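> Pasting a structure here, questions to come.
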Amino acid sequence: MRSPCPHVTDGPVLVSACLAGVPCRFDATARPEPGLLAHVIAGHLIPICPEMLGGLPCPRAAAEIDRGDGHTVLDGGARVVDGDGRDVTALFVDCAHCCLEIARRYGVRAAILKEGSPSCGYHRLHQGGRIIPGCGVTTALLRRNGIQVVPEIIGLAGVKAA
Ligand code: SF4
């Protein structure tokens, strides 16, 4: 039987699958976060990888938002471009909508996402060899739809009670 979690009483919480140990990053590696793994195993967190849900392969070319951040992409003012120079904007927006659909279907209220990713980034991104402030495309779409996003460094302790 699953153990109760004091942080997850008002609806499921998503977590970036790579933080849960799934090797789904562009280079087919994971970034397991020890403080979250026990909660994944206990069923308190639902692992989800936007880019793989949206149909991107693994491994895949690393991608970056070319200006602004995920909000700029959703507003049509920026593109997501991969390391091979391909415009993958539409794919990344589809990825974000897949996550939102799952979140709505299962009554998800929050997501703990991987910092720095063009999909899951919380408040920083890689852009042209620099680190710039801004969030990923999935993070932006979830926030626009009332779903709290928390970076992995804060984890479950940052998920607000509903
Ligand atoms: S950061 Fe997000 S999109 Fe990238 S591998 Fe992890 S879960 Fe998938």
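What follows is calculated from the coordinates using simple rules that are stated; it is not laboratory data. Keep in mind that this is a model prediction, so the values were computed, not measured. Positions of Cβ are backbone-derived with ideal geometry, glycine not excepted, and every protein chain shown enters the neighbour counts.
> Pulled fully out, how much extra length does the chain show between Arg104 and Leu37, if you take 0.36 nm times their separation in residues and subtract their Cα-Cα distance?
Taking 0.36 nm per residue and subtracting the Cα distance, the gain is 21.7 nm.
> Follow-up. Based on the Cβ-Cβ distance from Asp75 to Ala157, what FRET efficiency comes out when R0 is 35 Å, to the nearest 0.05?
Plugging the Cβ-Cβ distance into 1/(1 + (r/R0)^6) gives 0.65.
> Could you tell me the convex hull volume per residue, in Å³, taken over the Cα atoms of segment 13-155?
95 Å³
> Apply 1/(1 + (r/R0)^6) to the Cβ-Cβ distance of Arg130 and Asp27, taking R0 = 25 Å, and write down the FRET efficiency to the nearest 0.05.
0.80
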